[in-house]
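Read the figures in this text as sums done on the coordinates, not as results from a lab. Please read these numbers as outputs of a predicted model, since none were measured by experiment. Glycine also receives a Cβ, built like all others from the backbone with ideal geometry; neighbour counts cover every protein chain displayed.
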């Protein structure tokens with residue numbers, strides 16, 4: 001946790017439209033009720049040049065320990081680095097702020113800001129993160145929406161799928177620049193990478209605890 005609060009306001013013109021890789025019934029539910037509580041995919045949210053710039057920020061950042069609030073040996077294997085909010089990374093934070101504000105028109109959670117540093121992740125061969133949720137006890141208790149940005153093209157690795165317990169892997173989720181968002185309480189995992197390196201950026205929108 002970094003101690004800052006990047007407020008989340010509704011963007012002037014939300015430009016994102018979700019693409020569902022799940023079931024037709026989930027798509028119908030959203031169109032009929034205007035609300036969804038499932039993972040959503042937004043392809044092309046970041047350009048290849050933007051993704052390359054984020055990778056540069058991540059590679060230069062200091063490594064940190066990340067994983068479960070109560071660590072279990074080998075539950076997560078990989079490299080995690082915190083990209084702090086500064087003059088070089090501010091554009092990434094600002095763009096993600098707009099993304100969170102836009103996608104919340106479907107989730108309709110009470111969200112207030114971004115508190116965590118952005119987390120740059122690399123999963124080399126055999127790297128993985130077993131089943132988990134992103135919110136729990138302090139300091140994760142106020143996480144409401146999770147976000148994963150794909151920084152590797154699908155051709156750069158095998159295995160390493162981002163999977164959800166109730167939905168599996170979303171269709172075409174491995175395209176460079178694709179953003180996946182989901183409620184922080186959804187069970188998910190990163191399956192073991194079998195070759196290459198999977199790179200991603202993760203972030204969270206915070207708000208009052210669920211009740």
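Quick check on region 155-211: take the gyration tensor over C-alpha atoms, sort the square-rooted eigenvalues as a ≥ b ≥ c, and tell me if it's rounded (a/c under 1.5), prolate or oblate.
Prolate.
Which of rounded, prolate, oblate describes region 39-114, given a ≥ b ≥ c as roots of the alpha-carbon gyration tensor eigenvalues and a/c under 1.5 marking rounded, otherwise prolate only if a/b is larger than b/c? Can you show the working numbers first?
Details: a/c = 1.80, a/b = 1.21, b/c = 1.49.
Here region 39-114 falls in the oblate category.
Going 7 Å from the Cα of residue 108 in the Cα-to-Cβ direction, what parts of region 122-161 have a backbone nitrogen less than 18 Å from that spot?
Output list for this probe position: 144-145.
With contacts defined as alpha carbon pairs under 8 Å and 6 or more residues apart, what's the relative contact order of region 113-202 in percent?
In percent, rounded to a whole number, it is 49.
Take every Cα pair under 8 Å in region 56-211 that's 6+ residues apart, average their separations, divide by the length, and report that relative contact order as a whole percent. Intermediate results must be reported in sequence, preceding the final value.
On the way: 317 pairs, mean separation 47.7, N = 156.
It comes to 31 percent, rounded to a whole number.
Can you figure out the FRET efficiency of residue 55 with residue 138, using R₀ = 30 Å and their beta-carbon distance, to the nearest 0.05?
0.45
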